[in-house]
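One structure below.
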Amino acid sequence: MSSNADIYHEMIVDYSRNPVNYGEIENHDVTFHDSNPLCGDSIDIDMKIDDNHVSDIKFHGKGCAICMACSSVLTEITKGKSIDEARAIEKNDVLGELGLEHLQAVRIKCALLSLKVLKSALYTYMGNHLKDNEDLDKLKEEAANLY
Ligand SMILES: [Zn+2]
C-alpha cells in the first residue's frame, strides 16, 4: 500500500472521530437537511450569512466515516467564503482533500451528501433573499445532478 493511501485513510478516521465544525448554530440564517438512505447517513448544515459571506457553518447528524470526514472538510473549505465562491465548490474540491477522487459509485453518495446539502442550503437562502430566478434554477439543477 502506498504511503499516500495510508495518510488519507488516517485523515478520514481522524475526522470521523473528531469532526470539525460539528454542532448547531442557534441563530442560523439558513439550515438544510438531507439523507442518504443507502448507507444511513443523515446530515444537517446550519449557516450564518453576513454581508453575502458564510461567516459560520456547522453540521450535525450521523454518518459513516467517509460522510463525516467529507462534511468536516467541506465546512472547512466553505467557512469565510462568499456565497458565489461557496456555490462554485465542486465535488473534486472535497474528494481531493481526502484522496477520494476514485471512490466507488456506491460510496460516492456518502462523500457528496454534505455538498448536496450545502448547495440546497445556499439555494434556500438565495430563494429567500434574491430575485434572480434564472440563477436559482441553475443552482437547484446543480444540487440535483451532483450524483
Ligand atoms: Zn455513508
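What follows is calculated from the coordinates using simple rules that are stated; it is not laboratory data. None of these values were measured; they are calculated from a predicted model. Note that we place each Cβ from the backbone using ideal geometry, even for glycine, and neighbour counts take in every protein chain shown.
Give me the distance between the Cα centres of the stretch 1-78 and the stretch 88-147, rounded to whole Å.
Going from one Cα centre to the other spans 13 Å.
Along the charge dipole of the chain, pointing to its positive end and built from +1/-1 on Cβ of Lys, Arg, Asp and Glu, which listed residue (I25, L103, A121) has its Cα farthest out?
Ranked along the dipole, the leading option is L103.
So if I place +1 on the C-beta of Lys and Arg and -1 on the C-beta of Asp and Glu, and nothing else carries charge, what would the dipole magnitude of the stretch 3-144 be about its Cα centre? I want it in debye, nearest 20.
420
Enumerate the amide H contacts of D29 below 5 Å, restricted to partners 5 or more residues apart or on another chain; note that Pro and chain-start residues carry no placed amide H.
M47, K48, I49
Just want the ordering: M126, M47, from fewest to most Cβ atoms lying within 10 Å of their own Cβ.
In increasing order of surrounding Cβ atoms, one gets M126, M47.
Work out from phi, with θ = phi - 60° and the Karplus expression 6.51 cos²θ - 1.76 cosθ + 1.60, the ³J(HN,Hα) of each residue of the stretch 42-50, listed in order in whole Hz, and give x for Gly and Pro.
Karplus values, whole Hz, x for Gly and Pro: 8, 10, 10, 10, 10, 9, 10, 10, 10.
Would you check the stretch 3-144 for Lys pairs whose C-alpha atoms are within less than 12 Å, ignoring same-chain pairs closer than 8 in sequence, and give me the count?
10
Can you tell me how much longer the chain between A88 and H9 gets when fully stretched, taken as 0.36 nm per residue apart minus their C-alpha distance, in nm with one decimal?
25.8 nm
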